[in-house]
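The values are calculated or read from the model by the stated rules, or taken from the named source; none is laboratory data. Remember, predicted model here, so these are calculated numbers, not experimental data. Note that we place each Cβ from the backbone using ideal geometry, even for glycine, and neighbour counts take in every protein chain shown. Side chains are part of the model used for accessible areas, which takes the heavy atoms of the whole protein and leaves out ligands, DNA and RNA. Shrake-Rupley method; radii C 1.70, N 1.55, O 1.52, S 1.80 Å.
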Amino acid sequence: LLAASGLLVQSLTNLRALDPGFRSTGVLTAEVQIPRTRYPDPSGRTLFFSTLLEELRALPGVHSATATSHLPIGDFGNIYRANAQGSARDPERIFLRSVFPGYFETLEIPIRSGRDVEPEDQEGSPWVVILSETAAERLFPEEDPIGKVVELPFSPNPRPAEVVGVVGDVRLSRLEEEPEAAVYVPYRHHARTLVRFAIRTRIPPATFAGSAREAVRGLDAAVPLSRLATLESLVSDSMAERRILTLSLTLLALLPLVLASVGLFAILAYHVSRRRHEMGVRMALGADAAHVGGLVLRQGLSVVTAGVLLGLGGATAGTRLLQSMLFGVEALDPPTFLGTAGLVLGVGLIACAVPVWRAVRADPKVALQAE
């Protein structure tokens, strides 16, 4: 149990230190869905969300604001198959995102080459796309993708789109999974009724919740602003199941460790009481405290050592079942196993300390008289 909890703690630490490809601190997120019956045309949806974005950007303390069909981490989104125009290779699996201008700036996703989505990418203008690095490598291996054409699998016919930029990879689904191939299209080219907003602020983002609701209500009182949360909390929530399992397993491991140490102390205390006369005789005949203490210590540590060896054997078999839940650490991680063994030995040594201390401080005359 201790070895398993140690591995999970290390995995959780590795995940927290991982770079997701964007900066989550200082960003407030929210979701807005407009009724399709009231906004049937893509131009009407674009106007509503563009106006709302301008309202949000004008709020005091807002550094930048953007909107997208899907936020990174936990928001899987639409999965398509796309390929380079004229390629004979099998289509690649991609995550498609509709984004507004400023998306990469707000989330601080680096632009590797080319440009960002611009206001000039209007409905009716030629389609353009921005690829993640993984998508660029898969669709155009060993080529410069800027200026190339990607075929997006929209019904009824694939839609060609020119590649105008390449951005850094982002972990789109879960932190522990490698970055997926992502294709970003201007929202005006693929307008949705459900949009997620991201607002980077200069002050604590939670303070903007009321102002954001007022901005939405001012445009359409019937449209709600929902799922308000900081992007940092969304990233943290994606690890909630792992944290709960780690905490539960750690508590399950610490409880028997405490019980074992208390039991070991009780057994050794009883053992000392039964050998009090013998120890009194030894000390009366000239045995020093170190010799008498060593008798008790060896008795206790022999039990602890046997338990540690058996426990390491069980841990070697049991932690293999956790391999699929580990990140950045192997199931048979030597530092974790050595640390666990050291912890148990240390606790056992402390449990032995009090009986040993009592044994070496005992007055030989009292011990002999008591017998």
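Observations, loosely collected:
- Verdict on PHE197 being farther than 25 Å from ALA17 by Cα, open to solvent by less than 70 Å² (accessible area, probe 1.4 Å) and either modelled with pLDDT under 85 or of a type in the set (D, E, K, R) (or both): no
- Inside the range 36-78, residues that are basic (Lys, Arg) and either within 25 Å of the chain's Cα centre (by Cα) or within 18 Å of ASP116 (Cβ to Cβ) (or both) make up a count of 1.
- When the range 235-263 is filtered for residues that are part of a helix (DSSP H, G or I) and open to solvent by less than 50 Å² (accessible area, probe 1.4 Å), the ones remaining, listed by number, are VAL235, SER236, ALA240, ARG242, THR246, LEU249, THR250, ALA253, LEU257, SER261, GLY263.
- Answer residue from the range 52-102, given it is in contact with a Phe, Trp or Tyr (Cβ under 7 Å, 6 or more places away or on another chain) and among the hydroxyl-bearing types (Ser, Thr, Tyr) and is nearest to ALA209 (Cα to Cα) among those: THR66
- Breaking point among (1) at pLDDT 85 or above; (2) small (Gly, Ala, Ser); (3) in contact with a Leu (Cβ under 6 Å, 6 or more places away or on another chain), for ALA209: (1)
- The range 162-174 - residue that is under 30 Å from the mean Cα position of the chain (by Cα) and at pLDDT 90 or above and, of those, most open to solvent (accessible area, probe 1.4 Å): ASP169
- In the range 200-218, of all residues being among the hydrophobic types (A, V, I, L, M, F, W, C) and either part of a loop (DSSP other than H, G, I, E, B) or touching a helix residue (DSSP H, G or I) at 6+ places or on another chain (Cβ under 6 Å) (or both), the one that is surrounded by the fewest Cβ atoms within 10 Å (Cβ to Cβ) corresponds to ILE203.
- Checked against the criterion of being more than 21 Å from the chain's Cα centre (by Cα) and in contact (Cβ under 8 Å) with a residue 60 or more places away in the chain, the candidates LEU234, LEU228, LEU245, LEU257 yield just one match: LEU257.
- Single match in ALA269, ALA284, ALA222 (criterion: farther than 30 Å from HIS63 by Cα, in contact with a Pro (Cβ under 8 Å, 6 or more places away or on another chain) and open to solvent by 60 Å² or more (accessible area, probe 1.4 Å)): ALA284
- Scanning the range 132-161 for residues that are exposed (fewer than 14 other Cβ atoms within 10 Å of the Cβ) and closer than 19 Å to ILE111 by Cα yields a count of 5.
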